[in-house]
Structures are given as C-alpha cells and as structure tokens.
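The values are calculated or read from the model by the stated rules, or taken from the named source; none is laboratory data. All values derive from a computational prediction rather than experimental measurement. Virtual Cβ from ideal backbone geometry, glycine too; neighbours counted across all protein chains shown. Just so you know, the surface numbers come from the protein's heavy atoms only, side chains and all, with ligands and any DNA or RNA stripped out. Shrake-Rupley method; radii C 1.70, N 1.55, O 1.52, S 1.80 Å.
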Amino acid sequence: MKKVVKFGGSSLASAEQFKKVGEIIRADKSRRFVVPSAPGKRFSADIKVTDMLYDCYAAAEQGENFDEKLSAIKERYEEIISGLGLSLSLEGEFGEIAENFGKKAGKEYAASRGEFLNGRVMAEYLGYAFVDAAEVIRFCEDGSFDEGETDRLLHERLSQYECAVIPGFYGAMADGTVKTFSRGGSDITGSLVARAIHADIYENWTDVSGFLVTDPRIVENPQVIASITYKELRELAYMGATVLHEDAIFPVRKEGIPINIRNTNRPQDRGTMIVESTCKKPKFTITGIAGKKGFCSIYLEKSMMNSEIGFCRKVLQVFEDEGISIEHMPSGIDTMTVFVHQDEFEEKEQRVIAGIHRAVKPDFLELEADLGLIAVVGRGMKSARGTAGRIFSALAHANVNVKMIDQGSSEQNIIIGVENRDFEAAIKAIYDIFVNTQL
C-alpha cells in the first residue's frame, strides 16, 4: 500500500509538532510520500512563516534592509532543527534566499520558501529523499497550471524513490520561475502527488478530526462526518465549509483515490473519508450544513413572463455586462429572483436596475439586502421522505422567516435564504432537528 501524507502549518509549527508528525509517519510504513506546509502559528498571537516571508520580501522590494526580518525567519527554523536534535544547516539556503530577495525574485518565490525550507528539515528528520517541487510541479508561461506535464514529471521522478518529501504550495515554469497555488495550495500538491504515484489513500493531516456537520462557532461540538462524497464536499465547500482546498479534490477524484482528513494532535481519531461514492449509509439524513451571509436579492414581476422568449437571458445579460456573478435564481410563472453577493452589487445597483428596465420592462422590481444562504447537503436526503418539511418545521419553530428555497434535481442539496439576523438561529434549528433529535 502507498499513502501520500500532507501536513498543514499548525502540524509543523514547532519541534514538538514535528515529533508528533514523525511518530505518525513511522507508525505506518505505507506513509511513504510526505508533503509539508510552511510552519504555522505556535500560539494564537504568533505569525505564520509565510506571512513573515511576505513581510520580509516587501522590505526588500522597497529597498530597505531586510536582514533582521530574515534572521527572525531563520531563528524559527533553527529552533525546530535544534529541538529535533538534527545537525542540518540551512546557511546556504538562507544565503540564496537573501541574494534572490535582493534581486527582487518576486512575491511568489518569497512565499514558497517556507515550504521549501520545511521540506529540507522534514527530509533530514525522516531520512527521506528531498524532491524540490519547482522541478516537478509545472506551470505554463501564462501562469496557468500545466496538469499533464506535472503528472508526467512527478511520476517519472517519484518512481525513483521508495520514500520522498515534496514541499507543498509551489512549482515553477519551465524557465525556473517559481509559481505558487493560492493559499492552502499544499493540499493541491498532496493531491497531485497521490495521483502521480497511484496512491491508495491521500491522508491530509491538520488540526481538526475531519469535517464537522456544521460550523463549531455556531453549534457547540458538532458531530464529525465519518464519510462524505466529492459531490457533497463541493456543495459544502461552495458555501464556505473549509478544511481542504477545494481544488485539491479534482486530481484524486479522477483516479478514484480517497482522501482521509486526520488530526495530527489526535491521531487515534479516524477522521473523515472523502470518496467518489459509497454504499455506507450516512449516520444522519443530512451530511452537513454550511452557509454564508452577505447576499442580496433582485425580485422581478412581469405578467406573462413565462411566454416571453429570452426573458431570463436578457436579465442575466445585464448582470454579466456589469461583471456580477449570479448565485441562485429561483423563479415562478410571472416572477424571478436573482441572488448575488451584496458587496459586488452595491456599487452597480442603479446601473443594473436601469439595465433590467431597458431589457425586459418589468411590472415590478424590488431589492432586498442583508440575506444569508444556507446549504443543507446529504446523499441520505435522496431516500428520505419529508426532508424539506422537517427543515421548514424546524425553522418555523425557531421563528425564522424563510426568504427563498432552491432544490436541485440531484436531491442532495437544499438552499435556504434567510435574513442575516436569523442565520445562526436557522443553522442551529436545522442541526437540532436532524442530528440532536433525529426525528
């Protein structure tokens, strides 16, 4: 069996955390390929190494002396190396970083050095080979990710090693210019490595014991989701549930490789398995609840709207022309409501209103702001009767007024619109009816 294991910044923030990671890797010989992030926060008021690098490079870019800032970063690594009892020296690496900062090598180069250096430390600590991600993760000249070439390079290189460390978050163009994924991109690197080596499992180790049914800031100690499909995960991630970078699921999904979200500080917990499909019945009718605030709606009425060819297209064209993305669009025979992000819409609202009037001449138009959207997701909803009824019953009992409902034909997702002020109460009510009471 072959496993790829990725460890997040909080899992590698100190020598003590490194030791936990070492114990986890050594406890299972199939954990042969390791993808580390840069050191995260050691305590709440601490600064992540990536942010320290950004700050250091900003000083270099302004022509200021950045020696002190770079020394502070160096101290973080020396503290880890010393705590692990290693004889490793990073003098050469830091000398090269200082030189490249002076040459204005770019913010992405600067940001990538946290993972690069941690990869060096991890490889030394485990006795694994070190493979620089810049040599095997490829980006095109226009900055877009080169999926095919990356898969070829990774497979070719990693097939030479029994065990290896590949830093996360970055790669490079063919000329060596370093490029990074968006923040959290080490998750993507782990997924790419798993696909390239045809891994049996991709373990993603972080500081939580898997995905939770809902936000712990709203519901105290919510249940952990034992298994979730990629489709369910996409729905929840779209609504803000973040434990894994959402782009990390695509490479492994194509290969049918499951992802296991695990907790470095509680390695005995089984975490959450993310799979393509499963026969296992979910513990509850729903898999998860997620949501976001900050939406507004544009409500239109027009008699005989349903018989007017191109009506919806003309309305949506107005939003497209203004560069505004649509979130949801429930409609009736003579009505149509468009939900958009409020912060995107506010500056352009009058132009949109005027554009709609010119395009379709509605009988009535009304705006409503400060709305939240909540997604109730679950493969178990497909075979359960009365799911929507239970949701509305719970919301009515909690005195929450429902502003919108939208259910797709997949029957795995129901979107509910509420006022921002009712957002937390709505999530608590839905969680209670499906998880606490399980009626």
Requested in this report: Rounded to the nearest 10 degrees, what's the angle between the helix 107-126 long axis and the longest principal axis of the chain, both from Cα atoms, 0 to 90?
Outcome: 60
Query raised in the report: Hey, how many Å between the Cα centroid of segment 26-71 and the Cα centroid of segment 246-314?
Result: 32
Query - Qualifying trypsin sites (Lys or Arg not before Pro) for segment 239-311 [loop in DSSP, other Cβ within 10 Å: at most 16] - result: R270, K280, K283
Requested in this report: May I ask you to list the GluC sites (Glu not before Pro) in segment 216-260 that are in a DSSP loop and have at most 10 other Cβ atoms within 10 Å of their Cβ?
Outcome: E220
Report summary line: Excluding ligands, DNA and RNA, the carbon-plus-sulfur percentage of the accessible area of the chain with a 1.4 Å probe reads 46
Query raised in the report: segment 129-225: which trypsin sites (Lys or Arg not before Pro) are DSSP loop and have at most 12 other beta-carbon atoms within 10 angstrom?
Result: R183, R217
Query raised in the report: Remind me, relative contact order of the chain in percent, using alpha carbon pairs under 8 angstrom and six or more residues apart?
Result: 13
Requested in this report: Give me the accessible area per residue for the chain, probe 1.4 Å, as a whole number in Å².
Outcome: 46
Requested in this report: Sticking with the crude label model, points 7 Å out along Cα→Cβ, report the distance from K29 to A398 in nm, one decimal please.
Outcome: 5.1
Requested in this report: Take K254, project a point 7 Å from its Cα along the Cβ direction, then tell me which residues of segment 172-209 have their backbone nitrogen under 14 Å from it.
Outcome: 189, 191-198
Query raised in the report: Looking at the square roots a ≥ b ≥ c of the eigenvalues of the Cα gyration tensor of segment 1-159, which shape do they give, rounded for a/c under 1.5, prolate if a/b is larger than b/c, or oblate?
Result: oblate
Report task. Would you mind checking the tilt of helix 49-61 against the longest principal axis of the Cα atoms of the chain, expressed as 0 to 90 degrees and rounded to 10? Result -> 80
Query raised in the report: Tell me, in nm to one decimal, what length is gained between S182 and H341 on full extension, where the rule is 0.36 nm per residue of separation less the Cα-Cα distance?
Result: 55.1 nm
Query - Sum of -39500 (n - 2.57) over DSSP H runs of 4+, divided by residues of the chain (222 nm, nearest 500) - result: -11000 deg cm²/dmol
